[in-house]
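The values are calculated or read from the model by the stated rules, or taken from the named source; none is laboratory data. Here the structure is a predicted model, which means the values were calculated and not measured. Please note: Cβ atoms are built from the backbone with ideal geometry, for glycine as well, and neighbour counts cover all protein chains shown. When the accessible area is computed, the model is the full protein with side chains, heavy atoms only, and any ligands, DNA or RNA have been set aside. Shrake-Rupley method; radii C 1.70, N 1.55, O 1.52, S 1.80 Å.
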Amino acid sequence: MFCKSSINQSSESTLHPSIHLNTVRLKGSEEIKTNLMSTSSSRSIPTAKEAQTSNSLTLMQLLKGNIGTGILAMPCAFANAGLIFGTMALPLLGIIALHCMHLLVDCHNKICLKLRCITLEYQDVAEEALKMGPHCLRNKSSWARRVVISFLLITQFGFCCVYSLFVATNLSVAISTICDVHLPIRLLLLLELPFMIVFNNVREWKHLALASTVANILQSTGLVFVFYDLCSDLPPISMRPAIVDPHRLPLYFGIAIYAFEGIGLVLPLRKEMRKPSALQGFFGVLNTGMTIVMCLYTGIGFFGYLKYGQGVEGSITMSWPPEIKYAVVQLMFSVAIFLSYGLQFYVPLEIMWPWFVEKFDLNVEDTRTTVFETVLRSVLVSFTFLIAAMVPELDTIISLVGALSSSCLALIFPPLIDIFVRWNDEDSAKRSIGIIKNVCIMTLGVLGFITGTYASSLEIMSKMSTQARPPVQFNVTDVY
């Protein structure tokens, strides 16, 4: 937990991948100070004032954090729901996810006021909320922290798996179109791995920031092309079913909630804002940003499914015809997502690193610290590539990550935290209404978690068994 006594230290860690947390939480609220601020003495640490961001920059960061591979998977989500149902359900799910973001921020503010703290992380909010809940659960508060951290790690490593697989699948099709050479996905993952290991051993924030800027430009240009392509030569709406087989709705839920799972960004962004109060409010940064995100998701999902139909791939870029102009855009997206991998990878590394520092008594002056971190980064990157190679299907792995972990972080934990924070409210009527509303949201999240994880797992096993048979031939549309 970051209180007034340590706020100057804590404000530096979230947005700067080269800086590791200097506080490790142990056994509930116990803290120990580590002597490892970074793995290189040459790294510059910005002041707290420099770290503060304007509302417009925070909005841009919120959009960047929510618009990634998920937006290109929206047509595939609609293929599992139907044109009309998908169009109606997606904004509704987005509104619920947005409400849960507000719940998390509200609970964060109440807990900070009670503890006289400046800012807390998601896992801290969960731990302190449980201390305010039923007496029989208060001594288990440390478990709330561990559970949230576990799902944050699963989610972020899941994102890394999707990113690595996205790059390989798009490169496969682009190379087939440009060079008429058909390379299997697993081979491309193997060729991609050394470059990703080298890239993710870059510690300097300025280099990652430059990579992120290039990725933003490429991705924005690619999205403009996607919208232009989707709005041309559209078939009549009557050609697409309003709703498809209800048994496929869990896959729709998994992909949709994967795309909306930006709740992990909310508190870090608030911590860096010059005016944190501007995050909320009817026309606040959060509502504005997520409204833009919902419109983009719905637009690409609707027009993508309308144009390409039931056979749309896990990424809309994989459904394009084999033409040079499409191959160029696929290469642009591949480079953009490759450069974005480092920012996704930073989050789990920042969470895990303090534990390794304390466990192995690492010191910044030791050469073995640099070697240890290099090996750790390489092993973790290789692990995500191994998972991607085991399930080389974008739509199924996106749905699994969304249903398994994103549903918990976005739809289950925030209302549960709100219930604990409200537990001792004097206004019983208001508390009861809030609890009923939160239970309804949690029920949706639990149903999505169970059915989505089950359906995605079955889909993965089915596709893996099919891929185990030797293919007869390769063509441009093959992804493996």
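Among the residues here, Arg145 qualifies as touching an Asp or Glu at 6+ places or on another chain (Cβ under 6 Å), in contact (Cβ under 8 Å) with a residue 40 or more places away in the chain and either assigned to a helix (DSSP H, G or I) or open to solvent by less than 20 Å² (accessible area, probe 1.4 Å) (or both). With respect to being farther than 25 Å from Phe333 by Cβ, out of contact with any strand residue (DSSP E or B) (no Cβ under 6 Å at 6 or more places or on another chain) and not hydroxyl-bearing (Ser, Thr, Tyr), Asn55 fits the description. Being touching a residue at least 40 places away in the same chain (Cβ under 8 Å) and β-branched (Val, Ile, Thr) is true of Val214.
Those residues that are acidic (Asp, Glu) and either surrounded by fewer than 24 Cβ atoms within 10 Å (Cβ to Cβ) or farther than 19 Å from Pro414 by Cα (or both), I need them from segment 71-123; list them, please. Within segment 71-123, Asp106 is the sole residue that qualifies. Taking the conditions exactly as written (at pLDDT below 85, surrounded by 15 or more Cβ atoms within 10 Å (Cβ to Cβ) and in contact with a Gly (Cβ under 8 Å, 6 or more places away or on another chain)), does Asp418 satisfy them or not? No. Which pairs have Cβ atoms under 6 Å, sit 6 or more apart or on different chains, and link a residue in segment 360-384 that is more than 29 Å from Leu189 (Cα to Cα) to one that is part of a helix (DSSP H, G or I) and open to solvent by less than 40 Å² (accessible area, probe 1.4 Å)? Here the result reads Leu362/Thr369, each pair linking segment 360-384 to a residue that is part of a helix (DSSP H, G or I) and open to solvent by less than 40 Å² (accessible area, probe 1.4 Å). Among the residues that make up segment 362-378, is at least one of them open to solvent by less than 10 Å² (accessible area, probe 1.4 Å) and part of a loop (DSSP other than H, G, I, E, B)? There is at least one residue in segment 362-378 that is open to solvent by less than 10 Å² (accessible area, probe 1.4 Å) and part of a loop (DSSP other than H, G, I, E, B).
Within segment 176-211, if we keep just the residues that are surrounded by 15 or more Cβ atoms within 10 Å (Cβ to Cβ) and free of Cβ contacts under 8 Å to residues at least 60 places away in the same chain, the residue that is farthest from Thr384 (Cα to Cα) turns out to be Leu183. Leu115 satisfies every condition listed in (1) in contact with a strand residue (DSSP E or B) (Cβ under 8 Å, 6 or more places away or on another chain); (2) closer than 24 Å to Pro348 by Cβ; (3) aliphatic (A, V, I, L, M) except (2). Consider segment 49-70 and keep the residues that are hydrophobic (A, V, I, L, M, F, W, C) and either surrounded by 21 or more Cβ atoms within 10 Å (Cβ to Cβ) or within 11 Å of Ala256 (Cα to Cα) (or both). The one that is farthest from the chain's Cα centre (by Cα) is Leu62. Of all residue pairs spaced 6 or more apart or on separate chains, those with beta-carbon atoms under 9 Å, a first member in segment 271-285 that is assigned to a loop (DSSP other than H, G, I, E, B) and a second member that is among the β-branched types (Val, Ile, Thr) are Arg274/Thr53; Arg274/Thr58; Gln280/Val105. Filtering segment 152-171 for residues that are free of Cβ contacts under 8 Å to residues at least 40 places away in the same chain, surrounded by fewer than 23 Cβ atoms within 10 Å (Cβ to Cβ), among the hydrophobic types (A, V, I, L, M, F, W, C) and assigned to a helix (DSSP H, G or I) leaves an empty set. Among all positions in segment 234-247, there is no residue which is within 24 Å of the chain's Cα centre (by Cα) and crowded, with 17+ Cβ neighbours inside 10 Å.
Does segment 305-315 contain any residue that is assigned to a helix (DSSP H, G or I), open to solvent by less than 30 Å² (accessible area, probe 1.4 Å) and at pLDDT 90 or above? For segment 305-315, residues assigned to a helix (DSSP H, G or I), open to solvent by less than 30 Å² (accessible area, probe 1.4 Å) and at pLDDT 90 or above: present. One residue stands out among those in segment 248-280 that are small (Gly, Ala, Ser) and under 23 Å from Val125 (Cα atoms): the one that is surrounded by the most Cβ atoms within 10 Å (Cβ to Cβ), which is Gly262.
Could you check segment 392-415 and list, in sequence order, the residues that are at pLDDT below 90, open to solvent by 20 Å² or more (accessible area, probe 1.4 Å) and not charged (D, E, K, R)? Leu400, Leu404 - these are the residues of segment 392-415 that are at pLDDT below 90, open to solvent by 20 Å² or more (accessible area, probe 1.4 Å) and not charged (D, E, K, R).
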